[in-house]
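Remarks on the structure that follows.
None of the figures in this text is laboratory data; all of them are computed from the coordinates on show. Please read all numbers here as calculations on a predicted model, not as lab measurements. Virtual Cβ from ideal backbone geometry, glycine too; neighbours counted across all protein chains shown.
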Amino acid sequence: MINAAGRFIPDTLPGYRDIRPYAGPFATVPDGRRAGQKIKAFRPGTSKVLASLEEAIEASGLKDGMTISFHHALRNGDRVMNMVMQTIAAMGFRNLRLAPSSFLDANDDLIPYFESGVIVAAQCSGARGRLGAYLTTHRLQEMTILRPHGGRARAITSGELHIDVAFLAAPACDRMGNINGIEGPAACGSLGYAMVDARYADTVIAVTDHLVEGALCPVSIPQHLVDYIVPVSSIGDPRGISSGALRITTNPRDLLLAKLTARVIETAGYYREGFSMQLGAGAASVAAGRYLRDIMLRDRITASFAIGGIPGPFCDLLDEGIIQTLFDTQSFDARAIQSLRDNPRHQEYDVDHYANPWNKGAMVNHLDYVVLGATEVDVDFNVNVITDSHGTIMGAVGGHPDASAGARCTIITTPLIRGRLPIVTDRVQTICTPGETVDVIVTDRGIAVHPSREDLRENLMKARLPVMDIKELRDLAYSITGEPDPLPITDEPVAVVEYRDGTVLDVIWKPQD
Amino acid sequence: MALIQRPAQAGTLESSDILIMIAPGEPGKGIVISLESPVQKQFGRRITSIVTRHLQQADIQDAEVHIQDRGALDYAIEARIETAIARATAPADKEPGNA
């Protein structure tokens, strides 16, 4: 069948449930009740602190075939996922379904567990490095599922993704099981992903290298959700968890993109006192924030809130009063972690609150602007952020589709060409965000506006911004790079890209050698 | 028919450049090209055809060509292959500098 994004979706996929094809950003109406974790009653005097991971895994009742989860707030510094998988493999478990919030570069070490049958299925936001390549070239027992952050929260809270045991890297934890992410040697900031897993998993194991005596303050994940605590020597390498202060780019093309993006925000129609935004952590997005700051100071306009993963420069805007409050699911650098710890207007919140399409109103629904990147975009405004020029999984869907669906004006900022690759093309390799939820594409050679947004186009034209037809942009790119040959792929599906609501937006096919 | 006098190269491994090495080929074997490129799948055909065309225009029948592409655009590829051919075919006393 052909879904509403124009993609061919097979009637069945091996190791995947009944297919619901993508039908539009808000086509699916949920019915039923939320899932919930098993009820347990710990009596006074129960001790949660166990001596080893083995003991905790045994106590958790983990069995072959179950689903386990991890959060990725420690990013490339994370040691917990590899450490736990090593222990689980050594204990002889098999056929597990691995459902972390995302995979990062540090997870290449997991490949042997896929090869030996310890892990037989993966559900995540994305993967990189050798693991991404492995998941692109190997069909697992179940189809690999790639979900946006909001889609994962929906799958967990609706019961579609049931987590049997959640292993939470806990930067600070007391003996009762209260956890936060802002203290300890491996402080990572917000625990926005872990919060959802903690509420819905049947068994929650906190793995910590900072066991606090007395009562922790503040608490992000409360003790009543936590079964066991395992002290270990280190949960993560701070150098991989947070980069130092973000340097503002000096790349002239990024600066041009940033300037154009700030001008689009200023003139598209939603820039007014109390507007709201999400800006990514890419070089051009961060620089756009810098230009926007000058414009907002000039006009004495403040933003009511900013959301998303939070990079340090946004915390400066918070301190200056240019943004009134930040909602943070993931703190991108040391500055953001410090700000979350010290500034009460920098709020930690979970992914359900941020982006779940099936609740009573996620924050993305209240965005005026979101600025996002792209690996490639096409003439239908579809965006790919997950497969590279070889067709290999090398990124994560993240909150891209969530913020795009929610925001009044979704801006994609990207160079028109990268190396020899045209970034505006006839057809993206993989659709991660459907074009009908994208409004403006800003490139260094011109700006395209979705045909359904005549209002935005008029506003940008009035501001004398270089508005062009998307096909003109594509032709300009092709005139420089040449028209690319289509990527040769096989007819073997390896992964499903689910939309926020669990419908199938696209399928990733194994590339030809 | 032009003859390749010596192995020669032109270009660099900087991003958006291309390094082209040509060497005498076995007589009768024709032009043998090996290509490494991050955009092999999208533009491999095109890169190879530009290089082949320039060799044919220089009337070179047999050559071994090794190409390491870093995402160069057509004009860069043409400049590099022209220079590599000039270096490889110049008579010994007029060998252009291999800068």
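Quick notes on this structure:
- A prolate overall shape is assigned to region A:252-482, the ratio a/c of its alpha-carbon gyration tensor axes (a ≥ b ≥ c) being 1.5 or greater and a/b exceeding b/c.
- Charge dipole (chain A, unit charges on Cβ, about Cα centre) - positive-most of A:25, A:110, A:495: A:25
- Rounded to the nearest 20, the size of the Cβ-charge dipole of region B:21-62 about its Cα centre is 280 debye, with Lys and Arg at +1 and Asp and Glu at -1.
- Taking the Cα centre of chain A as reference, the dipole from Cβ charges on Lys and Arg (+1) and Asp and Glu (-1) amounts to some 660 debye.
- Region A:86-143 and region B:30-65 have Cα centres spaced 40 Å apart.
- Each Lys and Arg adds +1 at its Cβ and each Asp and Glu adds -1 at its Cβ; summed about the Cα centre, region B:8-90 shows a dipole of about 200 debye.
- Cα-projected label distance for residue A:298 with residue A:4, points at 7 Å along beta-carbon direction, nm: 4.0
- Here region A:401-432 is scanned for amide nitrogen atoms under 18 Å from the site 7 Å beyond the Cα of residue A:445 along Cα-to-Cβ, giving A:412-428.
- Peptides A:98-109, A:477-488 ranked from most to least packed by the mean count of surrounding Cβ atoms within 10 Å: A:98-109, A:477-488.
- Those residues of region B:33-53 whose amide nitrogen sits under 12 Å from the label point placed on residue B:86, 7 Å along Cα→Cβ: none
- Rounded to 5, the percent of DSSP beta bridges in the protein assembly as shown classed as antiparallel: 35
- On the principal axes of its alpha-carbon atoms, region A:426-513 has extents of 48, 36, 16 Å, going from largest to smallest.
- Peptides A:418-425, A:257-264 ordered by packing proxy, namely the average of other Cβ atoms within 10 Å per residue, highest first: A:257-264, A:418-425.
- Working note: Karplus 6.51/-1.76/1.60 with θ = phi - 60° gives region A:314-319 the couplings 5, 6, 5, 5, 5, 4 Hz, where Gly and Pro are set to x.
- Here r is the Cβ-Cβ distance between residue A:39 and residue A:239 and R0 is 41 Å; the resulting FRET efficiency, rounded to 0.05, is 0.50.
- Among B:15-26, A:451-462, the order from most to least packed when residues are scored by Cβ within 10 Å on average: B:15-26, A:451-462
- Taking every lysine pair in the protein assembly as shown that is 8 or more places apart or spans two chains, those with Cα atoms closer than 21 Å amount to 7.
- Relative compactness, region A:119-256, computed as alpha-carbon Rg over 2.2 N^0.38 Å: 1.24
- Overall, the anisotropy analysis places region A:203-342 in the prolate class: the square-rooted eigenvalues a ≥ b ≥ c of its C-alpha gyration tensor yield a/c not less than 1.5, with a/b exceeding b/c.
- Region A:364-513: C-alpha gyration tensor shape, a/c 1.5 cut-off, then a/b vs b/c: oblate
- Under Karplus coefficients 6.51, -1.76 and 1.60, residue-wise ³J(HN,Hα) of region A:507-513 in Hz, glycine/proline x: 10, 9, 9, 4, x, 6, 4
- Amide H to amide H, with H built 1.01 Å from N, residue A:367 comes under 5 Å of A:408, counting only residues 5 or more places away or on other chains.
- Alpha-carbon Debye profile of region B:1-56, log10 I(q)/I(0) at 0.15 Å⁻¹: -0.50
- The trypsin sites (Lys or Arg not before Pro) of region B:1-70 that meet both conditions, a loop assignment by DSSP and at most 16 other Cβ atoms within 10 Å of the site Cβ, are B:29.
- The mean number of Cβ atoms from other chains found within 10 Å of a Cβ in peptide B:10-19 is 1, as a whole number.
- Close amide H contacts of residue A:378 (hydrogens built in the peptide plane, cut-off under 5 Å, sequence separation of 5 or more or a different chain): A:425, A:428.
- Here each label is just a point 7 Å from Cα along the line to Cβ, and for residue A:273 and residue A:105 those points are 4.6 nm apart.
- As a calculated quantity, the FRET efficiency between residue A:426 and residue B:13 at R0 = 30 Å, using C-beta atoms, amounts to about 0.45.
- Cβ-Cβ distance of residue B:29 and residue A:512, R₀ of 25 Å, FRET efficiency by 1/(1 + (r/R0)^6): the value works out to about 0.35.
- Each distinct pair of alpha carbons in the protein assembly as shown adds a 1/r term; the inverse of their mean, the Kirkwood radius, is 26.0 Å.
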